[in-house]
Structures are given as structure tokens and as C-alpha cells.
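Data block below; observations after.
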């Protein structure tokens, strides 16, 4: 409840519109009640009326009242539900900004599917409960006392008798809603199972066919399908019950109306019109009660959602600026690592242990090693994407004391997965710059990364959309685009995480030369699988299982026995073979 | 604050065409659905029976109320008015009890009918859909691999999951509810005319207005809602994208720019949402207002009739109820039509898949051979050429032989055509030229399922399915009992893997075997092949690196698998090629060298280079 109340405060940003919308609810309800009374009174008047003139007047009066009712109903929904959508947007924006700020260790721990569901379905659950939910509740709070009050005035015993089935219905809905939720959850789960089964079979179709297992897989799928069928039928039954309870209690309200009402008509001064009012009002209190029952049913879910959302908003952020951050005006690009160890949160073994080495300004340093030896983990530490044990310094300042902006503004970074946005080429490269890049700047960058010819061949040139909805770039093109993006701000330090693996060797040689020469005295740290990438580096660090196995130049490393030499021999053979 | 209600213009980067468009009424789809629904004719009969009973009771209820009002209540009233003393309350109560009893019976009947109305119709729809789903799944797995190559897995999964589920609406909303709504409206209209033709005329003349309002708003709401979905998909897509590139965003310090972009997308999503809210906020009161006006008209005309004594109060009340019976389905008409349209779109996609025919005649022909008991496993490739895409040959003129009991190892660089040999031997594809024979008989003449049962298969993607370890080893083969399994596990050195799992053979396996290590999966894949006691082994050695202890176990396991069996091995291990009876060296789709390990090494050709490339590691670690 506490969490929901906290989220409700967001609604108060729109208090004027919200207040107006809520104000419409009692007016609409009153008009609704008035309609019933008008028709009921008219029926009574029929007995004593001389002529039918008043009926024409009545028609236009009800027409007018119905119009008023409709208008207020419109504004009530428009304002209240509208505000709930604005709140949804605000909340989504806040959550999104929070996710952007949270460090990689958080994203490493939390699957993106779960984060997305917090921003989507959890926010929607909260909105439904606090927006339309509030509207229905207030509607019920207006309609119920008005209608039941009217009935009490008309005929107290009958009103009491009518309320009984209504209470039964409200209780029934409330009791039934856990069952409805249970089965609808089971339906959703079995539907997820169905997808998983299908996904697995279709993805593993070679094994399925190779072992002639089509029938067996179909039988397994059928079993899940049957389970889904059973839950669907159960859900259908629960919904049938709720329909029976709802409609049944409505139908049964006519019984006391008929019996007590009929008796009262004879016994006392109870008119045919009053009978009509009872019948019509029963109709009208009906939906608000169902809505409140529904609301009580979804309340637990909304509560959980509010908690999940709050959890995300309150998640701590360990990687932030220290209280008195050190700012550097010019970064030279001198990194020093002393005894650095790092373990991923929750991992049993460290990814890096006791790493000590230095990257001097203007040096090109290569980092190599087998898959899983810790290359990417090491590169992550330079950008302080994670905090590690030990000491990492940039230009003599420990990273933890350095202003985050100073550090990251000094870095050009090329990720291993060559992540690009599905946007235009210009937009993607401008991501690295503080302004939108001009054609001339783009031409210069594309030259640096040896992509000039390829970019001119894009149907829309620099403004070509890339990714799913546009031109699909080859692996090499993606990597070179990422490098161009990193170069766009001309950083003093460039970090490349195996970012040349898909570029052919000839282009690679030219590119590495450009990287070194274009930024005068730029520090370049690059990891690679293909050793030819780091061949000309000033120093090469060889990692093995998170430790440094060797440091040296290419010639030094080839001269001694070890991982580097065997791998170099193998890769040479591979190239020779490709040329056959 | 001013809320924007205007219709947003659809922009190019909304990508609205990615949201399936609703489909107009299509009779042929209904015909197809009828064919699928035929086995469930009884359920349908039951559904219509329930709907008819409910409708009859709905008509009966107001009739009983009228009977009570026009009967005992009016009589008593008149009697009292004439002479107050002569009123016999006993007779009145007796009469009233009769009608009340009748009404209780009717209401109880309705409670039961309302339950079945929902429960039974859902059951009917789901019964049709459950059958269709399995049928579709069977149809898909019976397709050949070339068919799968052309279709993304995700799309096929959508067909058997959400599309089929959506199609159930065609049964529940289309065949049951909507069809019966039409009957209800017609019958209610006729009844109204019998009750009081003048009032009925007033009502039926205003009905087209109600239908018009209902459909008008629905059309707009449908388009608006499609835009909402498109923009929501765009917003969520961007969210996913940013989450997957979060490190780039953070290192480049572009949090603000990305956040601003998200604001823009959210704003457009909001704009589309507000349009939907506007239409809904307008439609619901508009429909109510139309119904109110019709009711006012009924009061006006009805009042005149009551005044002229050509209508009783009871009749008026009955009429009032029947009008509600008539207007309710019409108010829902638009909504239901939308549901139906989206179901049509799904149905079209589902039937589209069902209509594809397999490219290879994979079902065994009438003349198909059974596997002879003395299956020898003698394989010959005779001048085989093949390409996945027309004009691009992956294999050209490949001939070789695997004599019974011999091991043939294939080596070559990536893309040399090694896996294609396996694909052809398993008859996942047909050679474009040449032929493959097993025991002297063309592969096309074998009963495919029976033949594949003689194969022991270990593929690169050591694929394990969700289920138990036992299920994954047995793979539905009847002849495999615990004894054979134990034997296979021992021979494949996988006993320890199973023993270490809680539950042993019955330990659960996650999807794709995610809970097991690469080496464990490889050992289990070998055990799976061994359990079938195959006559012909097809082994595509995994390249993924494992620790040296596991490596040693895998080598031993492979030796037991290959011993005395005809086998085709795509080799990545030195131990495998050293033991092979023949090594085929593939390069760019051709066999360039063949012979034994030492012979080939002496040749100093492609094999010698490959040897350095692939097995250098093995030298380094003696």
C-alpha cells in the first residue's frame, strides 16, 4: 500500500485536470439517477394525466439529461484516464533514466527481460489500478449511496432486500478473483511452455530429424498443448462462475422487487413508477459493484508491481563521482594497473587476478589470450564500467577519485559486439561527437576507417539507415563504423575490444596505422584474437586464466615457447591455406 | 493542462506495417475453420443448445414479471379500489407465489445457462484450437530442412503459439457468439412486433443509428489502437536496444541524449494513446446516449399507449426489458467485429503454413524398402554435387566409399563443404547431381525413418532437449532399456556426469541443456548415439574447447563409438584422424587429397598445412 501511495503522488502533478475529471463523476452519476426518476415519475403520472402532452416534454427533458450525463461521462474518462497515461509516461521516463545511470554490475545481474517487464507490465498494472481503477471506485462511491438512498426513501424493506443479492455478488467476485487469477496465470505459463517447446524443436530440427524424432516431439508438444487446453477450460469455468454469479444475483433482485414490491403496491402507497425505479436502479448499481470487485482482485498484483518499480528506482549506484572528484584539464593517457583483481558479482572464480602493468602515453598496447582469459574484463576496467580491487590510475590519479566525466570523455571505446543503433549512419557516428557531424567530418572519418567506398555505395549515403530496417552491414563494416564513432571526438585514449576480427588483414594494417598516427600521441589499448592485429604494438600482454602469462613485443613473444608462439603458427597456417 | 485529442499523423518511422493489419470478413477462412471444427460437432451443438436455452430464459423472465404485474398485482389493486374490504389477501399471495416460483425456476435456469454459456463456448473454441495446434506443429516438423532454412524460427513459433490462440476467437466470437447475436437480434425484433407493433416500429427504426454509431467508433478505434501498438513496439524496441548497448551509452556519456530520444518516443506513444482514450471516452457515452434516446422514445410512445389503455404496465415493463435484450448485442457489435478481424488475420497466416507442401517427398513411398536385418552400413557417394542456393555449388563431383566397419574422416577449412556431406547422408537435402547409396540401394528408396534409426548421430550443436537425462538418451526409441543405457553410459565415459546429478537418469535438463557444461553435453550426445546401438555413425566433432581431463574422456568415448562401425567423421581431433581408415581432405567443395595420416603428411600438401593449423595445440600440450 505504501508503494502504491508513493506512486499516486505522481498523479498530483496533474491535480487540476485530475480534480476536474473526478468532479465529473458525481455529476454524471446524479444525471444517471435523475433519468430513472424522470421515467418512473412519468409512469405514475400516466394514471392521473388528462392528456399525453407531458410525454413529449418528458422526451425532450430526458434527451437533455442524457446529453448532460453523456458529456460528463466523456470528460470523466478523458481527464482521469488521460492523466493516468501522462503519469505512465513520467514513470517510464524516470525508470529509463535510472537504468541509464545504473552501472554495468547491475545490468550484469539483472536480465534485460526482467527490466523491460518492470518498465512495461508493472507500470501498466500500476496505471490501471490508480487511473481507471480510481475512476471506477469513485463512480461506485457516488452511484451506490445515491441509488440505495433513493431506494431506501421509496421503500426501506424492499431496498434492504435488494441489497442482499448485491452484497452476495460483491463477495462472490471478491472470492472468485484469486481463482480467476490463478488460472489465467496458469494459462499464460502453459502458453510460454508451448512457445518454449516449439522454439526448441524448431531450433534443434536437425537432431529431431536425424533421430527420426518428429512424432515424439509432436507428442510432447501435444502434451503441453493439452495442459494449456485444461487450464483454458478451467479458466473458462471460473469465468463462467463469475458470469453466473454476476448475472444470477442481478436476476434474483427482481424476486424481492416482484414480491415485496407487489405486496407494497396493494398494501401501501407504492406506485408502478416506483417499481420501475427499483428495476432500473438495480441495473445501474450493478456495474460499479463489479468494477470494485475487479479492483479488489487486481489489488495484490498492483501492489507487487509498485514494489518492483520502487525497488528499481531505489537501486543504489556504487559507480558515481566521489565527494570531491579530481578534474583533469588535459588527459595524457597514462594508465597504471597495480595488483588489480576482479570477480564478477556472483561468480565463483575471479575473472582477473593480480594484474600489474603500465600503458604509457602514446603507446599501442595489445592484449591477447584464449577465449575467457579475461581480455574484455580487463578493458572494462579502464572505463570504470566496474570497480575492481587493487589500484588503477590515469595520469597518476586513482580512477575512484577521478571525476567520471573526465575519465570517460578521454576515452574512445569500441565494444566487442559492435553495437550500433538502428538509426542512420550519420546518427550513429554523431553519437560519439558533441554535435551532429557534417558531411566533411563524416568523409574524413570514413577515410580513417577505410570505409569511403562502402559508404558512397549506400543508397542514401551518410543518411542510410542501418540495422534491421535498413542496410545490413557486414561484420567488418559494423566494426569499422564503431571505430569511426569512437574517433569522432578525437579522444586521447582509444580502447578496442577485439574490434578488428571481421576486418580483412590488408585493411587492418592500414587501419591500425591510421589509429596510431591520426591522433598525435594517442594511447591505444586493443585486445584481439587474431595476433596479426597486435603484431606491431609497442607491447603485448598475454593473458591466461585471468593472469598475465607474458609481456613483450611480438618478436620477443614469438622467440619463446608458449601460447603466443603456437597460436601465431596456427594462424599463419590458416592464412596460407585460405590463399590456396 | 490541455490534453491533445487530435488524430496523430502516422509517420514513416512508426513502422505501422509491422503491426498485422486486420483482415476483412473472409468466407473461405470460415470454410477452412468449419472443416477443422467438424470433429467437434457435438461441442458446437451443445454450445448452440446452451445459447438457445439462455435466450429462451431471457425472454421468459420479463414475460413472468409481466404476468405477475398484469395478473395478481393489478387484480388486487383493482379489487381494493372498488371495495377495500372485499380484498382477499390469501388468494393474492397464492397467485403471487405462483409467479414468484416460476420466476425462481427461470432465474435458476439462467444461472446454470450463464455458467455454461462461458465455460462451454471456451471449451469448444479451445478444443478446436488444441487440435489445430498439434496438427500445425506436426505439419511444420514434417517439412524438410530447406523449408526451415527459409523461415525464421521465431516466426514459426508465433504461428503455433499466439496466432493459433488468436484464431480461437474465430470460433468463440465468430462461430458462436456473433452468429448467435444475429439470431438474437432478429428474434427479439420479431417478438417486439408481436408484443406491440407501434412501439416495435419506433425501436427498429432507430436501430440502424445504434449499429452505425457502434461500427463508426470501432473503425476509428481500431486504426488508433494499431498506431498505439506500433508506437509501443517502437518504444520498447528502443528500450531493449539501449539496454543491450548500455556500455556504449555509458562510456560515451550519452545518457542525456539517449534519455531525450526516449522522451520523444514516449511522447509519440502518449499522443497515440490519447487518441484512443478520446475515441473510447466518446464512444461509450455516445452508445449509452443512443440507447437512452431509444428508451425515451419507448417511454413517449408507450406512455401514449398506456394512456389509451392499449398497453398494460406489465406489457410496458416486458417491452422495456426486451429492448435491452436487443440493444446489448448491438452495443457490443463493433468490439466483436474487431476481435473477429484480428482473428481472421491470424487464421490466414496459420492456414498459409498448413498449405505448404514439403519439397522432398519425405514420406516413405509405397515401394520404400524396409531396413534389412543384416544392415551392413556400406555407404557410397557417387559423383555427388550440391548447392543450397541455385548456381552456388558447395560440393562438386564428390565420390568416396565407406566400407562396412570402416572410419572415414573428413578434414578441411571452414566452408570446405564438410557439414554438407553429413546433411546429404542424412537426406536433409537431395544432391543436385549424382547419387548416394547405402548397402547398394539409392538413399531415395529407403524408408527414411527406419534408415535414420540405424544411424548414430552426434552433431556439432550437441542439442539436449528440456526433459530428463533419460528422455534425452532414449529419444523415444522403444528398444532401449536401463541395461543398454548403463552400457552406453559406461562406454561413453558419461557415467560420472549422470552420477553427479541429483536424480541420476531422471535429473531434469534445462532447455538446450543449459545446466550442463560443454564437455558434459558432448559426452551425453555420444552416449545418446551409442544407446541406439547404431550400424552407421555420423560424427561431427565439436570444436569448443574443454579442459584436458574432459578432452581425454571424450576421446575414449569416441573410440568406443567408432569401433567396428561404419562411420563418417568430421574430424577436429588428431587422435581421430590418426586412427581413421581413410582421410578425405576437402577444399572448396572438392576432395583434394585422400589417404592415411602418415601418407598424407608425407605429401606436404593441404593436409600438412591443415595439420599445423588444427592440431598445433596438441603438439604444444604433449
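The values are calculated or read from the model by the stated rules, or taken from the named source; none is laboratory data. From a predicted model like this one, the values you see are computed outputs, not experimental measurements. FYI the Cβ positions are ideal-geometry reconstructions off the backbone, even for glycines, and counts take in every protein chain you see.
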Problem set entry | Residue count, the stretch B:555-567 (criterion: touching a residue at least 40 places away in the same chain (Cβ under 8 Å) and either part of a helix (DSSP H, G or I) or surrounded by fewer than 17 Cβ atoms within 10 Å (Cβ to Cβ) (or both)) | 6
Exercise. Given the structure, is residue B:493 crowded, with 19+ Cβ neighbours inside 10 Å, out of contact with any strand residue (DSSP E or B) (no Cβ under 7 Å at 6 or more places or on another chain) and closer than 30 Å to residue B:392 by Cβ?
Worked result: no
Exercise. Looking at this structure, is residue A:47 within 11 Å of another protein chain (Cβ to nearest Cβ) and either surrounded by 21 or more Cβ atoms within 10 Å (Cβ to Cβ) or over 28 Å from residue A:301 (Cβ atoms) (or both)?
Worked result: yes
Exercise. Quick check: is even one residue across the stretch A:414-427 touching a strand residue (DSSP E or B) at 6+ places or on another chain (Cβ under 9 Å), buried (at least 18 other Cβ atoms within 10 Å of the Cβ), more than 10 Å from chain B (Cβ to nearest Cβ) and closer than 17 Å to residue A:319 by Cα?
Worked result: no
Problem set entry | Positions within the stretch A:353-375 being surrounded by fewer than 18 Cβ atoms within 10 Å (Cβ to Cβ) and closer than 17 Å to residue A:493 by Cβ, in sequence order | A:357, A:358, A:360, A:361, A:362
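Okay, residues lined up against (1) on the phi > 0 side of the Ramachandran plot; (2) at the interface with chain A (Cβ under 8 Å from one of its Cβ atoms); (3) modelled with pLDDT under 90; (4) touching a strand residue (DSSP E or B) at 6+ places or on another chain (Cβ under 8 Å):
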position	(1), (2), (3), (4)
B:86	no, no, yes, no
B:103	no, yes, no, no
B:128	no, no, no, no
B:132	no, no, no, no
B:135	no, no, no, no
B:149	no, no, yes, no
B:152	no, no, yes, no
B:159	no, no, yes, no
B:165	no, yes, yes, no
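Quick grid of which residues meet (1) crowded, with 16+ Cβ neighbours inside 10 Å; (2) in contact (Cβ under 8 Å) with a residue 40 or more places away in the chain; (3) more than 30 Å from residue B:296 (Cβ to Cβ):
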| residue | (1), (2), (3) |
| --- | --- |
| B:185 | yes, yes, no |
| B:195 | yes, yes, no |
| B:221 | yes, yes, no |
| B:226 | yes, yes, yes |
| B:238 | yes, no, yes |
| B:242 | yes, no, yes |
| B:255 | yes, no, yes |
Seminar exercise, completed: Within the stretch A:348-396, residues being within 20 Å of residue A:501 (Cβ to Cβ) and in a helix (DSSP H, G or I) number 7
Exercise. Buried (at least 18 other Cβ atoms within 10 Å of the Cβ), away from every other protein chain (no Cβ under 13 Å) and either over 23 Å from residue B:266 (Cα atoms) or over 16 Å from the mean Cα position of the chain (by Cα) (or both), is that true of residue A:129?
Worked result: yes
Problem set entry | Single residue of the stretch A:62-88 satisfying the filter (surrounded by fewer than 22 Cβ atoms within 10 Å (Cβ to Cβ) and more than 9 Å from chain B (Cβ to nearest Cβ)) that is nearest to residue B:5 (Cα to Cα) | A:68
Problem set entry | Residue list for the stretch B:251-279, filter: within 7 Å of another protein chain (Cβ to nearest Cβ) and either within 32 Å of the chain's Cα centre (by Cα) or in a helix (DSSP H, G or I) (or both) | B:251, B:255, B:258, B:259, B:262, B:263, B:266, B:270, B:273, B:274, B:277, B:278
Exercise. If we keep just the residues of the stretch B:392-415 that are under 37 Å from the mean Cα position of the chain (by Cα) and within 14 Å of another protein chain (Cβ to nearest Cβ), which is surrounded by the fewest Cβ atoms within 10 Å (Cβ to Cβ)?
Worked result: B:414
Exercise. Assigned to a helix (DSSP H, G or I), at pLDDT 90 or above and either under 29 Å from residue A:301 (Cβ atoms) or in contact with a strand residue (DSSP E or B) (Cβ under 8 Å, 6 or more places away or on another chain) (or both): does that describe residue A:18?
Worked result: yes
Seminar exercise, completed: If you go through A:543, A:437, the only one that is closer than 21 Å to residue B:251 by Cα and crowded, with 22+ Cβ neighbours inside 10 Å is A:437
Problem set entry | Qualifying position, being modelled with pLDDT under 90 and either assigned to a helix (DSSP H, G or I) or touching a strand residue (DSSP E or B) at 6+ places or on another chain (Cβ under 9 Å) (or both), among A:105, A:84 | A:105
